Amino acid sequence: MTNPTRYLKLFVTYDGSAFFGWQYQPNKPTVQGELERVIKLITGEKIRAVGAGRTDTGVHAVEQVVLLRTECPIPLEKLIIGMNGALPGAVRVSRAEEADESFHPCFSARGKHYRYMFRLVKTSSPFLERFFWQIERQPDIEKMQAAAGEFIGEHDFAAFAKSPQQYESTVRRILETSVSLDHEVITFDVIGTGFMHNMVRNMARAVYLVGNDEMQVEEIRELYRNQNRRRLGAPAPPGGLYLMKVMY
């Protein structure tokens, strides 16, 4: 007689610089791959770890949400201890809870909170490279705040997405944004109902350009209309980006 199926919601935090992104890749360390390896080690089951979203190589998560479907009766507390004992140090399960069978970490989400972090430096440091976009000239914070404010609302973000043609619609709704300065760290926060590949990194790039007078605030509105991806240049480096929270 088999055990009933359990739906487990894991809250996972990781240093993305240690992985080739979230999604499993053969012969490369990924967050999904490590979670699935450890789950099989503990339960004996080959289980797919379903995340709330894919993060790229170098992108971090303070709280990624992961769903596991398992028949293993192990208590949640022991599961967390066992997983954290077998996972590499760059990823940890912070907590876990039972979920309803209708729950899906991606499709059940109402929104996500991302944070992008800049660090003011005199000279770039290899010890900060993994966690910040290091900048040597202080931008105008008020202009950065004005740029961030232009994202609020429902807009066509095709110019901010990598390969926008892969999406049925490139319209997304941003609920909140903020830019703050605390000593040497500039933080750009954005909360929205959905995001596309590279969207937040390109938003951070636009905020940076406006703050350095390399772009005018009004040009963000123009990007919604003309969808000129080349105007932004390369996306902001991945190390400064953090998935902070998934809202349900």
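Readers should treat all values here as calculations from the given coordinates under stated rules, not as data from a laboratory. Values in this document were obtained by computation on a predicted structure and should not be read as measured data. Positions of Cβ are generated from backbone atoms using ideal geometry, with glycine treated the same way; all protein chains shown enter the neighbour counts.
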Region 18-35: number of residues that are surrounded by fewer than 17 Cβ atoms within 10 Å (Cβ to Cβ) and within 13 Å of R54 (Cα to Cα): 2
Output for region 207-224, where each listed residue is in a helix (DSSP H, G or I) and either more than 17 Å from L181 (Cα to Cα) or of a type in the set (D, E) (or both): V217, E218, E219, I220, R221, E222, L223, Y224
Please work out which residue is farthest from the chain's Cα centre (by Cα), limiting yourself to region 51-64 and to residues that are farther than 18 Å from T193 by Cβ and surrounded by fewer than 18 Cβ atoms within 10 Å (Cβ to Cβ). T57
Determine whether region 47-56 contains at least one residue that is at negative phi, touching a strand residue (DSSP E or B) at 6+ places or on another chain (Cβ under 6 Å), without any contact (Cβ under 8 Å) to a residue 12 or more places away in the chain and of a type outside the set (A, V, I, L, M, F, W, C). no
When Q23 is evaluated against the numbered criteria (1) farther than 25 Å from R110 by Cα; (2) outside any helix (DSSP H, G or I); (3) not basic (K, R), which criterion, by number, is the only one it fails? (1)
Only one of these conditions is not met by A90: (1) among the small types (G, A, S); (2) exposed (fewer than 15 other Cβ atoms within 10 Å of the Cβ); (3) touching a strand residue (DSSP E or B) at 6+ places or on another chain (Cβ under 7 Å). Which number is it? (2)
